[in-house]
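Chemist: Handing you a structure now.
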Amino acid sequence: MTGWTSRQLDTIATADDFRIAPFRGDGVTPGTLIWVWAVHVADAIFVRSENPESRWFAAAIRQRAGIASFGDFSGPVVFTHVTDGPTKDLVDAAYTAKYGDDPYFSAGLLARSREQIARVLPIRPTDRS
């Protein structure tokens with residue numbers, strides 16, 4: 001597995017153009033790219049869904065892979081469901097720092113989406129298992 005470059009992480013810190021498409025049920029065909037809020041913590045990018053019934057989030061966790069596009073990156077990624085409290089706390093803080101002034105951001109949004117957080121890392125096609 002490869003990691004994000006410093007430049008890519010800097011892009012996530014300052015830009016708001018992260019798009020993802022988890023693979024469909026066949027594990028190969030990506031769905032439609034959708035725009036999501038994204039932050040980085042340490043060397044990983046994190047996304048979340050406010051809606052517990054979100055189809056894209058369910059597909060990301062079920063398929064564990066898809067594609068992402070932002071800045072100078074467009075390619076395959078792996079999704080990992082975040083379940084540990086300390087990482088969730090760091091992701092919450094990063095979301096608050098990046099999106100806290102957005103009119104759609106709220107403490108309620110963080111609370112409603114706390115169980116729907118995924119780590120996103122780039123992969124080479126041969127890395128997917």
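Chemist: In cubic angstrom, how much convex hull volume per residue do the alpha carbon atoms of the chain span?
Modeler: Each residue corresponds to 102 Å³ of Cα convex hull volume.
Chemist: Once the principal axes of the Cα atoms of segment 1-54 are found, what is the range along each, listed largest first in whole angstroms?
Modeler: Per principal axis, max minus min of the Cα coordinates gives 32, 27, 17 Å.
Chemist: Calculate what fraction, in whole %, of the accessible area of the chain sits on carbon and sulfur atoms when a 1.4 Å probe is rolled over the protein chains.
Modeler: Carbon with sulfur: 54 percent of the solvent-accessible area.
Chemist: Tell me what the chain gives for mean residue ellipticity at 222 nm when only DSSP H runs of n ≥ 4 count, each as -39,500 (n - 2.57), the sum divided by the residue total, rounded to 500 deg cm²/dmol.
Modeler: That comes out to -9000 deg cm²/dmol.
Chemist: From zero outward in steps of 10 Å, how is the percent of C-alpha pairs of segment 74-113 spread across the bins?
Modeler: In order of increasing distance, the bins hold 25, 45, 29, 2 percent.
Chemist: Please compute the Kirkwood hydrodynamic radius over segment 54-96, one decimal place, Å, based on all pairs of different Cα atoms.
Modeler: 12.0
The values are calculated or read from the model by the stated rules, or taken from the named source; none is laboratory data. Quick caveat: nothing in here was measured; it's all calculated off a predicted structure. The area values use the complete protein model at the heavy-atom level, side chains included, leaving out ligands, DNA and RNA. Shrake-Rupley method; radii C 1.70, N 1.55, O 1.52, S 1.80 Å.
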